[in-house]
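> Starting off with a structure, shown below.
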Ligand SMILES: [Zn+2]
């Protein structure tokens, strides 16, 4: 019997009778992070990293949930579980599963660059590593985030000088707060879409320092928005919510902006390459650092990535899951409970 089985409902640990990020309703779910393709509603009991608890409660309402500090192990039927920072969004965790001298690690989504708010990623030595591969192609290599934030702040300052409102889009949970953390508040005020303001409030309350933001409401004077920065979910730019702005420049921040034509397809004026997932080097360095002899890729460029790992002499496989990586995250802001009227 494998320590983790790939079942219809999700990644299953039979010895402990628990699932990790299941997509069917189960009795006990360990959750890597708050994105909707990993944290679903309807499980009887949830266990997550301490810093993810408030986020899950905000998204899923009144649930039976327990938070565990990073690095603190707990036993379920003799199987030992430990959460480690995944660096993807605030509270995101890798989950280490240990039983009878065998160690498996489920990465969830992860990024190796320390963004200053999500907790620094650390590779966890293991025998079997279940990895995401959202950007598992050599064309995806990220620049240091300080370079990207310089570009974003320059774009904002230029817009401000021209009396143009800067609309910067990023998914509601994770990217939006990372963007906020990198904005230069000396340029001007930062306004937020209601969905992002609500989530940001939750994340601030868990102790993450973020700059002051102003929620946009129907009462917000139009003139106050001239030259300001507005952080909004991608879905907002195609909605009547946009009617309140005079002249705008719209930008989005995503790993997909590395692709030729991506900016045009998203109908934005600027695209900044900023992802909350590991790039090609991050994935490869991590896999090497785990020392794992067997790798499973769960989502992203799984087949190509598997063949690449096999060519390096590793045993590799692909697991079909319902995880979607940055595709799911783009739709985060369009969830009905977070939608705000224009
Ligand atoms: Zn995610």
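What follows is calculated from the coordinates using simple rules that are stated; it is not laboratory data. Quantities reported herein were computed from a predicted structural model and do not represent experimental measurements. Don't worry about glycine lacking a Cβ; one is built from the backbone with ideal geometry, like all the others, and counts go over all protein chains shown.
> Using alpha-carbon positions, what is the distance between the centroids of the stretch 205-269 and the stretch 1-50, in Å?
34 Å
> For the stretch 145-272, which semi-axes, largest first and in whole Å, follow from the square roots of 5 times the eigenvalues of its Cα gyration tensor? Working shown, then result.
On the way: eigenvalues 75, 65, 45 Å².
Equivalent ellipsoid semi-axes, largest first: 19, 18, 15 Å.
> Order by neighbour count: 124, 304, 202, fewest other Cβ atoms within 10 Å first, most last.
Listed from fewest to most nearby Cβ atoms, that is 304, 202, 124.
> A further question on this structure: So how much slack lies between residue 75 and residue 154, counting 0.36 nm per residue of separation and subtracting their Cα-Cα distance, in nm?
23.4 nm
> Provide the packing ranking of 158-165, 47-54, 67-74, 290-297, i.e. peptides ordered by the mean count of other C-beta atoms within 10 Å per residue, highest first.
47-54, 290-297, 158-165, 67-74
> Still on this structure, I have one more. Based on other C-beta atoms within 10 Å, arrange 156, 280 from fewest to most.
280, 156
> Report the calculated FRET efficiency for residue 315 and residue 120 (r = Cβ-Cβ distance, R0 = 45 Å), to the nearest 0.05.
0.95
> Give, in nm to one decimal, the length gained when the segment between residue 264 and residue 214 is fully stretched (0.36 nm per residue of separation minus the Cα-Cα distance).
The span from residue 264 to residue 214 would gain 15.1 nm if fully extended.
> With N residues in the chain, what two-decimal value do you get for its Cα radius of gyration over 2.2 N^0.38 Å?
1.00
> Can you tell me the FRET efficiency between residue 204 and residue 162 if r is taken as the Cβ-Cβ distance and R0 is 41 Å, rounded to the nearest 0.05? Write out the running numbers ahead of the final one.
Working: r = 31 Å, r/R0 = 0.77.
FRET efficiency, residue 204 to residue 162: 0.85.
> Something else: For the stretch 82-148, what size does the Cα cloud have along each of its three principal axes, sorted from largest down, in whole Å?
46, 26, 14
> Now for a different question. Can you sort 275, 206 by how many other beta carbons sit within 10 Å, fewest first?
206, 275
> Moving to a separate point now. Please give the length that would be gained between residue 24 and residue 239 if that part of the chain were fully extended, namely 0.36 nm times their separation in residues minus their C-alpha to C-alpha distance (nm, one decimal). Can you show the working numbers first?
On the way: separation 215, 0.36 × 215 = 77.40 nm, distance 3.21 nm.
Taking residue 24 through residue 239 to full extension adds about 74.2 nm, to one decimal.
> Now for a different question. Counting only C-alpha contacts under 8 Å and six or more residues apart, can you give the relative contact order of the chain as a whole percent?
This gives 18 percent for the chain.
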